[in-house]
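As structure tokens, the structure follows; a few thoughts come after it.
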Amino acid sequence: DRHDLELREQTIRLRRLPEAFHGLRIAQVSDIHYDEYTEPYFVREVVRRINALNPDIVLLTGDFVTNGPLSHRIRGHLSYPCAEILGGIQCPHRFASLGNHDFLVGCQIVVDSLKIHGIPTLVNSYLPFEREGSRLWFAGIRSSLEDVPDLDAAVPRQATPGEPIILLAHEPDYALHVAKHGGVDLMLSGHTHGGQVHLPFLGTPRYMLPKGGRRFIHGHFDIGPLQLYVNRGIGTVKLPVRFLCPPELTLFTLQPAEA
């Protein structure tokens, strides 16, 4: 059922996590695809579930709308009612990045819709999160599939060795480039929808996996010193169908790495 929202809880252990951020709780939502095919009531339910969790930070990792059969003007403007619903997220610390569909309908209109509702979008840029004199950095890049990501611009140069960097990057296969670039502790992605369809004994059909999301499909991965998590997303594309692959709301808890 594409409305059977699953909460996935994941502990992330970071080697250089300041004590002030031990136990920090971060919620991730991805791939809403409003409202083709994700209905407004389901986005409201996602927001309700986020608020019930009371996280410290909420991250939104792209594809707020869908580049589908609707006219280009309509597709882009659907980001406004989507962002209005997301504005109901009560957590004051919210960051977003863009996906390939957001680029195709028009990045600026999606960024503007989120900004109106107090959600900053990280577009080859970064922002700090501070607590008790310590800093944690959130960075975001443009879509690596349809746009031009710039890791040099997105990864903060002023971060000290003791300040972790979490990168919002929509397409998970780009993690191979991020790992080579260095400087990032954790990368959070979406894009794949987990494949949307899992066939018993056969897994995910290849044709359901998008370019940029065929190597890392869902869950947690270690790529050298880089950790990657791929969220299954909220919405669907191609067909409004999920099978044995429910939509996902992820709640991360940050903890120091074991010595």
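Structure values in brief
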| read-out | value |
| --- | --- |
| Sites Glu9 and Glu130, calculated FRET efficiency, Cβ-Cβ separation with R0 35 Å, nearest 0.05 | 0.85 |
| Shape parameters for the stretch 60-196, alpha-carbon atoms, Rg then Dmax in Å | 15.1, 49 |
| Under the span-like rule (Cα at least 15 Å along the axis, Kyte-Doolittle mean at least 1.0), DSSP H helices of the chain | none |
| Dipole magnitude of the stretch 44-144, debye to nearest 20 (Cβ charges: Lys/Arg +1, Asp/Glu -1, about Cα centre) | 120 debye |
| Cut-off under 5 Å, modelled amide H: who pairs with Gln10 long-range | Leu251, Phe252, Thr253 |
| Computed helical MRE - 222 nm, the chain, DSSP H runs ≥ 4 contributing -39500 (n - 2.57), nearest 500 | -5500 deg cm²/dmol |
| The chain - accessible surface per residue (Å², probe 1.4 Å) | 43 Å² |
| Value in Å of the Kirkwood radius, where the chain supplies the Cα pairs that are averaged | 18.0 Å |
| Karplus 3J(HN,Hα) series, Hz, for the stretch 21-35 with 6.51 cos²θ - 1.76 cosθ + 1.60 (x for Gly, Pro) | 10, 5, x, 4, 10, 10, 9, 10, 10, 9, 6, 6, 6, 6, 10 |
| For Ile223, residues with placed amide H under 5 Å, excluding near neighbours | Leu228 |
| Antiparallel bridge percentage (DSSP; both residues within the stretch 58-181; nearest 5) | 45 percent |
| Between the stretch 1-62 and the stretch 97-156, the Cα center-to-center distance that results, in Å | 17 Å |
| Those lysines that a straight Cα-Cα span of less than 25 Å connects to Lys211, excepting residues fewer than 8 apart in one chain | Lys180, Lys238 |
| Qualifying trypsin sites (Lys or Arg not before Pro) for the stretch 53-159 [loop in DSSP, other Cβ within 10 Å: at most 11] | Arg157 |
| Probe 1.4 Å, all protein chains present, accessible-area order of Arg232, Arg2, largest first | Arg2, Arg232 |
| Between the stretch 176-190 and the stretch 226-259, the Cα center-to-center distance that results, in Å | 16 Å |
| Using a Förster distance of 45 Å, the FRET efficiency for Ala20-Phe243 (Cβ separation, nearest 0.05) | 0.60 |
| The chain, dipole about Cα centre (Lys/Arg Cβ +1, Asp/Glu Cβ -1), debye to the nearest 20 | 260 debye |
| Selected from Gly212, Val148, Gly235, residue furthest toward positive end of dipole (the chain; charges at beta carbon) | Gly212 |
| Average Cα contact separation per residue, the stretch 103-243, under 8 Å, 6 or more apart, as relative contact order % | 18 percent |
| Given the chain, longest segment not containing exposed loop GluC sites (Glu not before Pro) (DSSP; at most 11 other Cβ within 10 Å) | 1-131 |
| Solvent-accessible surface ranking, highest first, for Asp1, Asp56 at 1.4 angstrom | Asp1, Asp56 |
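The values are calculated or read from the model by the stated rules, or taken from the named source; none is laboratory data. Since the model is a prediction, treat every value here as computed from it, not as a measurement. Glycine gets a Cβ as well: all are built from the backbone with ideal geometry, and neighbour counts include every protein chain shown. SASA here: full protein model, heavy atoms, side chains in, ligands and nucleic acids out. Shrake-Rupley method; radii C 1.70, N 1.55, O 1.52, S 1.80 Å.
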